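> Take a look at the following structure, please.
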Amino acid sequence: MSGKLTAEEASRRLLGLARGIAHQAETEPGLTRSQRCEKTAYGLLALLDGKTPKFPRCMLAPQQHEEDIAEAKAEGTPWYNEDIFSSPGLSDHFLSRLKDPSWLPERTDAAPYTADEIRDQIVRSFMGSAEYWAKNNKTDELKNCDGVAFSCFGALDGVSLSGQMMSIILDAEDIAQRHELREFQPEVLQPYLHELYHSTDPIEIEIPTPGALNLYSVSVPNSMESSDWYVVARDATHAAEIYTQGVIDEKISVDAWEMDGARSLTVQWVGKNATGEPRWIDWGSTNTITMRLTPYEVDLVALADLANWNDFQKEQGLEP
């Protein structure tokens, strides 16, 4: 026995966590129906983004029949290539597009959809599911969030008008870098997950409120000096960007050459609902930022994914 989850077991785990997200949103006090539905959609995207310690990041690849691709090419309309994955950052994109209904114009030229366009379509389908269930007055209000999650999986399974069938692939790099995910293995999850949704028991999980700031501890892996700094940010990547900018501006006393050699930053999520603006925290600060400093999860953020570090590399002549 390898002790690794099978594709069927990992699929059930994803569905159980998704139901946990829906139940959390349903029972959270002080939210309107619309806010509950939006939080459910955001939570599902955050789950697919690997933003929780309970499930790895997922890569989404569209699946289109060869005859449909041939027909699209013949008619001069866009098509899907299965070797192009959705761009990362689904949940962040959801937040930035939530209040902008005109952000995705239709494209009609004869070329395959890009990774960014596939990401946009996934986010739009999740937004549409949240909007539909927020307006549904015929269903028990405590079941609307389950409806959102069910519809979102239906969109990923390609059975809704707003969805294209997607393969869900567990990211090998994310699994390798996070010890808490050691029971997972890189594999393709089962299709038609929406059919199993309601028969799966919920798994308790906590998702940060969309847009809320958290407290992170950021450091250079295996550094020869003290490189730990606290950062207030939206998520792990945002924290890494703020930390990196502090190093670039020589406000954070970390050796840029050592940091470049490490190729990544260790980012620990240590507190929720941080106060103030996104920033790094000076060691002399006595402000109360958050009431808890127990790590919730740990991420490794690749420096190659940070635009400000890539620009700094070019300016300093560092090897990419």
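> Report, by residue number, each residue of the stretch 144-167 that is open to solvent by 10 Å² or more (accessible area, probe 1.4 Å) and touching a residue at least 60 places away in the same chain (Cβ under 8 Å).
ASP146, PHE153, GLY158, GLN164, MET165, MET166, SER167, listed by residue number.
> Restricting to the stretch 90-112, and then to whatever is assigned to a loop (DSSP other than H, G, I, E, B) and of a type in the set (S, T, N, Q), can you tell me which residue is modelled with the highest pLDDT?
Here the residue is THR108.
> Mind listing whichever residues of the stretch 34-78 are within 20 Å of GLN24 (Cβ to Cβ) and either free of Cβ contacts under 8 Å to residues at least 40 places away in the same chain or of a type in the set (D, E, K, R) (or both)?
GLN35, ARG36, GLU38, LYS39, ASP49, LYS51, LYS54
> Mind listing just one residue for me: the one in the stretch 1-33 that is polar (S, T, N, Q) and open to solvent by 50 Å² or more (accessible area, probe 1.4 Å) and, of those, nearest to PRO191 (Cα to Cα)?
THR6
> Next up: Only one of these conditions is not met by LYS39: (1) crowded, with 23+ Cβ neighbours inside 10 Å; (2) of a type outside the set (A, V, I, L, M); (3) modelled with pLDDT under 90; (4) in contact with a Ser or Thr (Cβ under 9 Å, 6 or more places away or on another chain). Which number is it?
So LYS39 meets the others, but not (3).
> Moving on. Considering only residues that are under 16 Å from the mean Cα position of the chain (by Cα) and under 19 Å from VAL123 (Cβ atoms), look in the stretch 168-194 and name the one that is most open to solvent (accessible area, probe 1.4 Å).
Result: ILE169.
> Given (1) within 28 Å of THR237 (Cα to Cα); (2) in contact with a Pro (Cβ under 9 Å, 6 or more places away or on another chain), identify the lone condition not met by PRO78.
(1)
> Same structure, new question: If you scan the stretch 174-203, which residues turn out to be touching a residue at least 40 places away in the same chain (Cβ under 8 Å) and charged (D, E, K, R)?
Within the stretch 174-203, ASP174, ARG178, GLU180, GLU183, GLU187, ASP201 qualify.
> Yes or no: ALA212 open to solvent by 10 Å² or more (accessible area, probe 1.4 Å) and modelled with pLDDT under 85?
yes
> Select from the stretch 52-85 the residues that are of a type in the set (D, E, K, R) and modelled with pLDDT under 85 and list them in ascending order.
Of everything in the stretch 52-85, those that are of a type in the set (D, E, K, R) and modelled with pLDDT under 85 turn out to be GLU82, ASP83.
> Has the stretch 43-51 got any residue that is open to solvent by 10 Å² or more (accessible area, probe 1.4 Å), at pLDDT below 95 and either more than 13 Å from the chain's Cα centre (by Cα) or closer than 12 Å to ASN144 by Cα (or both)?
Within the stretch 43-51 (the criterion being open to solvent by 10 Å² or more (accessible area, probe 1.4 Å), at pLDDT below 95 and either more than 13 Å from the chain's Cα centre (by Cα) or closer than 12 Å to ASN144 by Cα (or both)), the answer is no, since none of the residues qualifies.
> Any idea which of (1) at pLDDT 95 or above; (2) over 20 Å from GLY147 (Cβ atoms) is the one LEU5 doesn't satisfy?
Going through the list (1) at pLDDT 95 or above; (2) over 20 Å from GLY147 (Cβ atoms), LEU5 breaks only (1).
The values are calculated or read from the model by the stated rules, or taken from the named source; none is laboratory data. Nothing here was measured: the structure is a model prediction, and the numbers come from that model. Cβ atoms come from the backbone with ideal geometry, glycine included; neighbour counts cover every protein chain shown. We work out accessible area using only protein heavy atoms, side chains counted, and drop any ligands, DNA or RNA first. Shrake-Rupley method; radii C 1.70, N 1.55, O 1.52, S 1.80 Å.
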